[in-house]
Amino acid sequence: MQQDTINLKNVSFAYRKDRPILKNITMNVPRGKITAIMGGSGSGKTTILRLISGQIQAEHGIVNVFGENLRNLSAANTHEIRKKLGLLFQLGALFTDMNVAQNVAFPLQEHSNLPQSFINKVVAMKLEAVGLTGTQDLMPNQLSGGMARRVALARAIALDPELMLYDEPFTGLDPISLNTIAMLIKKLNTSLKQTAVLVTHDIAATMEIADYIYFMANGEIIAHGTPEEIKSTTNPAVKQFINGEINGTFEYKYPSKLSYQHYLGQA
Ligand SMILES: Nc1ncnc2c1ncn2[C@@H]1O[C@H](COP(=O)(O)OP(=O)(O)OP(=O)(O)O)[C@@H](O)[C@H]1O
Ligand SMILES: [Mg+2]
């Protein structure tokens, strides 16, 4: 039985030829563990999740998920992998013409032949897990931002996927909801042995629930280790990030030759 749910080997990727985004990324996600990816905005975290979920293809290197090389996968195998994978998108929108219950039920209806009465029970359980009991009949425009995020999470975990990819699951949540969701991620991991990749900027939550952390800057992995190892790192960029310092070696700017004045029409 394979040890790792995901292996990335020397992976490079660019959306545009002249601008490499990921450079020689090697990363392992062990089965049943929570692996976090942290790093500055634009460093390539969401791009890695897109590679793992097969939305984009690596230019160089190998992306292995559930022991399958995504490069030479049949449509049938892709479908099998999709069934085992839950995704919480960073900008994950709900279906605006469906109520909360229909949104959460969607993956169950797509991938299973369960009777409606059973689906209703699963929906109620998942909504309870994200702290939204009784919201079944609300439409997305009747939800707050944080509630919508949690409904999206309930939808992502509806099928109890073996592998969950979370892209910024804590964004827009108050501290209590944030802890509820962090504990839910941990619980899914311990009780279902669910493997998770967690992309987040929340350092406290990551240190609490992650088993291993990869740190990215400008499309490269600059550090990796257990939360304890990361806390005691001597890497200046990682230290700067963890402590939220403004000045340091971290590059947060989008590489552009056009100046602020240009956009004011003065260039
Ligand atoms: N569809 C796209 N087409 C072209 N460039 C893109 C596309 N998506 C992302 N990029 C670029 O790729 C780089 C990495 O983006 P990515 O979304 O992976 O960053 P991130 O680490 O998830 O950042 P954040 O923390 O802000 O979500 C950015 O410079 C971004 O502008
Ligand atoms: Mg992102």
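Going by what's in this entry, would Lys239 be described as assigned to a helix (DSSP H, G or I), surrounded by fewer than 16 Cβ atoms within 10 Å (Cβ to Cβ) and of a type in the set (D, E, K, R)? It is false that Lys239 is assigned to a helix (DSSP H, G or I), surrounded by fewer than 16 Cβ atoms within 10 Å (Cβ to Cβ) and of a type in the set (D, E, K, R).
Residue by residue, here is whether (1) assigned to a strand (DSSP E or B); (2) touching a His at 6+ places or on another chain (Cβ under 8 Å); (3) hydrophobic (A, V, I, L, M, F, W, C) holds:
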| site | (1), (2), (3) |
| --- | --- |
| Gly61 | yes, no, no |
| Asn64 | yes, no, no |
| Arg71 | no, no, no |
| Glu80 | no, no, no |
| Gly86 | yes, no, no |
| Leu91 | no, no, yes |
| Leu94 | no, no, yes |
| Met98 | no, no, yes |
| Ala105 | no, no, yes |
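The listed residues are Gly44, Gly40, and the only one of them that is under 19 Å from Glu168 (Cα atoms), within 16 Å of ligand 1 (Cβ to nearest atom) and in contact with a Gly (Cβ under 6 Å, 6 or more places away or on another chain) turns out to be Gly44.
I'm trying to understand the selection: among the residues of the stretch 179-204, which are polar (S, T, N, Q), more than 16 Å from ligand 1 (Cβ to nearest atom) and in contact (Cβ under 8 Å) with a residue 40 or more places away in the chain?
Looking only at the stretch 179-204, we keep the residues that are polar (S, T, N, Q), and these are 179-180, 189-191, 194-195, 200.
Within this subset, residues satisfying the condition of being more than 16 Å from ligand 1 (Cβ to nearest atom) are 179-180, 189-191, 194-195.
The answer is Thr180, Asn189, Gln194, Thr195.
From the list Phe66, Phe89, the one residue that fits, being modelled with pLDDT of 90 or more and surrounded by fewer than 21 Cβ atoms within 10 Å (Cβ to Cβ), is Phe66.
With respect to the conditions (1) modelled with pLDDT of 95 or more; (2) away from ligand 2 (no atom under 16 Å from the Cβ); (3) buried (at least 16 other Cβ atoms within 10 Å of the Cβ); (4) not small (Gly, Ala, Ser), Asn10 lacks only one, and its number is (3). Of all residues in the stretch 160-201, those satisfying the criterion of being touching a Lys or Arg at 6+ places or on another chain (Cβ under 7 Å), modelled with pLDDT of 90 or more and of a type outside the set (Asp, Glu) are Pro161, Leu163, Thr195, Val199.
Inspect all residues belonging to the stretch 25-41 and state whether any of them is surrounded by fewer than 19 Cβ atoms within 10 Å (Cβ to Cβ) and either aliphatic (A, V, I, L, M) or within 16 Å of ligand 2 (Cβ to nearest atom) (or both). Yes. Among residues of the stretch 218-236 being within 14 Å of ligand 1 (Cβ to nearest atom) and either assigned to a loop (DSSP other than H, G, I, E, B) or touching a helix residue (DSSP H, G or I) at 6+ places or on another chain (Cβ under 9 Å) (or both), the one that is farthest from Leu91 (Cα to Cα) is Ile222.
Say whether the condition of being within 18 Å of Ala152 (Cα to Cα), under 14 Å from the mean Cα position of the chain (by Cα) and without any contact (Cβ under 8 Å) to a residue 40 or more places away in the chain is met by at least one residue in the stretch 167-178. There is at least one residue in the stretch 167-178 that is within 18 Å of Ala152 (Cα to Cα), under 14 Å from the mean Cα position of the chain (by Cα) and without any contact (Cβ under 8 Å) to a residue 40 or more places away in the chain. Taking each residue of the stretch 41-67 that is aromatic (Phe, Trp, Tyr) and looking for partners that are away from ligand 2 (no atom under 14 Å from the Cβ) with beta-carbon atoms closer than 8 Å, six or more apart or interchain, yields Phe66/Gln2; Phe66/Thr5; Phe66/Ile81; Phe66/Lys84; Phe66/Glu162; Phe66/Leu163. Take Gly61 and tell me if it is more than 15 Å from the chain's Cα centre (by Cα), at pLDDT 95 or above and more than 16 Å from ligand 2 (Cβ to nearest atom). Yes, satisfied. When you check Arg82 against the structure, is it touching a helix residue (DSSP H, G or I) at 6+ places or on another chain (Cβ under 9 Å) and either over 30 Å from Gln240 (Cβ atoms) or within 16 Å of ligand 2 (Cβ to nearest atom) (or both), yes or no? Yes: the conditions hold for Arg82.
The values are calculated or read from the model by the stated rules, or taken from the named source; none is laboratory data. The shown structure was predicted, so the numbers you read here are calculated from the model rather than taken from an experiment. Every residue, glycine as well, gets a Cβ built from its backbone with ideal geometry; the counts of neighbours run over all protein chains shown.
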